[in-house]
Amino acid sequence: MAYSANRYENMLREFIIEQQSDSYNRGNINYQRYNNLKIYMMPSKNKNPHIWIRIGISEACFLIEDGSTIVGSIGRDQKFIPKWLNKSGIREELMETWVQANKVTSEEEDKAQ
C-alpha cells in the first residue's frame, strides 16, 4: 500500500527530533524548524527512485535505494536521511509509493500525447 507524503513527513519529523533528543541536546532542539518539512517525488525529472526533502529553504534529493544525495543539501539534518531510510519498512514503503507515482506520471504523459 502506497502512503501519502504527509505520513512520510510526520515519520521523518519524529525521527529527526528523536535522534536529536539526547539528554545533552534536549533544550536546543528547534521544533518549529520541522513544521514545514516536506517530502515529494518527481518521477518525470529523474527515473531513479528518489525523494525530495525540503526543510525551510533548504532542499535536497536522495536516492531511496541507499540514501545518497543526488543534488542539494538540507544542512545538518542531511545525516539523518540514510538512517531514516534504513529503519524497518521505510525503504519498502517508499518504493511502493514510487511505483504508484511513476504509474500516475506515465498515465499523465500518455494523456498529453
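Annotations for the structure displayed:
- Taken over the stretch 78-96, the criterion of being closer than 19 Å to Asn6 by Cβ and either in contact with a strand residue (DSSP E or B) (Cβ under 6 Å, 6 or more places away or on another chain) or assigned to a loop (DSSP other than H, G, I, E, B) (or both) is satisfied by Ile81, Lys87, Gly89.
- Cβ separations smaller than 7 Å between residues 6+ apart or across chains give the following pairs from the stretch 3-24 residues that are closer than 20 Å to Trp52 by Cβ and modelled with pLDDT under 85 to residues that are assigned to a helix (DSSP H, G or I) and acidic (Asp, Glu): Tyr3/Glu93.
- Tally of residues being under 13 Å from Asn46 (Cβ atoms), out of contact with any Gly (no Cβ under 7 Å at 6 or more places or on another chain) and in a strand (DSSP E or B) across the stretch 56-77: 6
- Glu96 meets the conditions (1) more than 21 Å from Glu14 (Cα to Cα); (2) modelled with pLDDT under 90; (3) of a type outside the set (Gly, Ala, Ser) in every case but one. The failed one is (2).
- Complete set of residues in the stretch 54-68 that are surrounded by fewer than 15 Cβ atoms within 10 Å (Cβ to Cβ) and farther than 16 Å from Asn36 by Cβ: Glu65, Asp66, Ser68
- Subset of the stretch 68-95 [touching a residue at least 24 places away in the same chain (Cβ under 8 Å) and under 11 Å from the mean Cα position of the chain (by Cα)]: Phe80, Ile81, Trp84, Ile90, Arg91, Leu94
The values are calculated or read from the model by the stated rules, or taken from the named source; none is laboratory data. Values in this document were obtained by computation on a predicted structure and should not be read as measured data. Note that each Cβ is placed from the backbone with ideal geometry, even for glycine, and that neighbours are counted across all protein chains shown.
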